[in-house]
Amino acid sequence: MISKIKSATLIGINALEINIEIDSKRGLPQEIIVGLPDAVIKESKARIKTAIKNSGFEYALRQYIINLAPAALPKEGLCLDLPIAAGLLMCNHHFHINDDIFLIGELSLDGNIKPVKGMISIAEMIAKTPTKKCIIPYENKFEASLIKEIDIYPIKNLKDLAKINYKFPYKGAFKFTQNQDKNQLDFADVKGQQIGKKAMEIVAAGGHNILLIGPPGSGKSMLLNRLPGILPKLTHQECIDIIKIQSLNINQPQNILTIKRPFRTPHHSISHIGLAGGGKKPLP
């Protein structure tokens, strides 16, 4: 029997649709994953098998071939745990999931589903597909609900897959709030610097770039630190773009209730590589 499941993975800040095909047949019991998986996906075999058993499902001892398409592109990350597990359970006739619904999630050994990074990028990609439906980790529901065009079905553990009511998707009332920061630096504290402040007003009003040149202590950093305080409120799309970058870090809180313009002050001695994120695979 062959089961088919849709999922996604991240390439940089963008998401890529992945089609997972699982073939179950008689033979030496094993799970073979093909389609350029990384080490994390290869290791998922033991994690998924244990999660299925600890969730109360029977795991048939058969030979499973798991294909990740498109086969020519490398796949990485933990997003594929849940869809692979669902495909294996479908092969064993535990339940059926339509092959046009996206599944995203990382599995723990007890069958609980952990949040994944980059959920908002994946949700944006799903919104461009005909189905616009996805099953995601419960802790990612706030982030995914920012994309209004998709139907979200958040679940907490593997057993919930058999109990989803597709007539009632999650409808989050989640909205961005841009509260005034009490610690926000203000231009009212700056005495003098009339030319510099005028330049900052022009930059804020027109969305221009600015370069300040002068000797140490002349007020360059002081003015720039206060620039976010006079910029207009973020648009909905700007908020989404900020969270897309922030959510690449799994340590970032997923239910972001407030958001403000990011402001970075790298040291002047930083290298070009460090400024771009550093490492073999640069991250912000």
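Each reported figure results from applying straightforward, stated rules to the coordinates on display, with no laboratory input. Just so it is clear, the model here is predicted, and its values are computed rather than measured. When we count neighbours, we look across all protein chains shown, and the Cβ atoms used for this are built from the backbone with ideal geometry, even at glycine.
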One would report the antiparallel percent of DSSP beta bridges in the chain, rounded to the nearest 5, as 60 percent
Against the globular-protein guess of 2.2 N^0.38 Å, express the Cα radius of gyration of the chain as a ratio, rounded to two decimals. 1.25
³J(HN,Hα) across the range 8-21 via Karplus (A = 6.51, B = -1.76, C = 1.60, θ = phi - 60°), whole Hz, x for Gly/Pro? 7, 9, 9, 10, x, 8, 9, 9, 10, 5, 10, 9, 9, 10
Given a Förster radius of 41 Å and the C-beta distance between residue 261 and residue 26 as r, what FRET efficiency does 1/(1 + (r/R0)^6) yield to the nearest 0.05? 0.10
List the aspartates and glutamates whose alpha-carbon lies under 17 Å from that of residue 132, not counting same-chain residues fewer than 8 positions away? 17, 99, 100, 124, 143, 149, 151
Please enumerate, by chain and number, the lysines with C-alpha under 17 Å from the C-alpha of residue 220, excluding those fewer than 8 residues away in the same chain. 191, 197, 198
Hey, what number do you get for the chain at 222 nm if only DSSP H runs of n ≥ 4 count, each worth -39500 (n - 2.57), divided across all residues, to the nearest 500? -7500 deg cm²/dmol
What ranking do 101-111, 187-197, 263-273, 154-164 get when scored by the average of other Cβ atoms within 10 Å per residue, highest first? 101-111, 154-164, 187-197, 263-273
Placing +1 at every Lys and Arg Cβ and -1 at every Asp and Glu Cβ, with all other atoms neutral, what dipole size does the chain have around its Cα centre, in debye to the nearest 20? 320 debye
GluC sites (Glu not before Pro), restricted to the range 1-62: which are DSSP loop and have at most 15 other Cβ atoms within 10 Å? 58
Packing rank of 88-94, 203-209, where each peptide gets the mean count of other beta carbons within 10 Å, highest leading: 88-94, 203-209
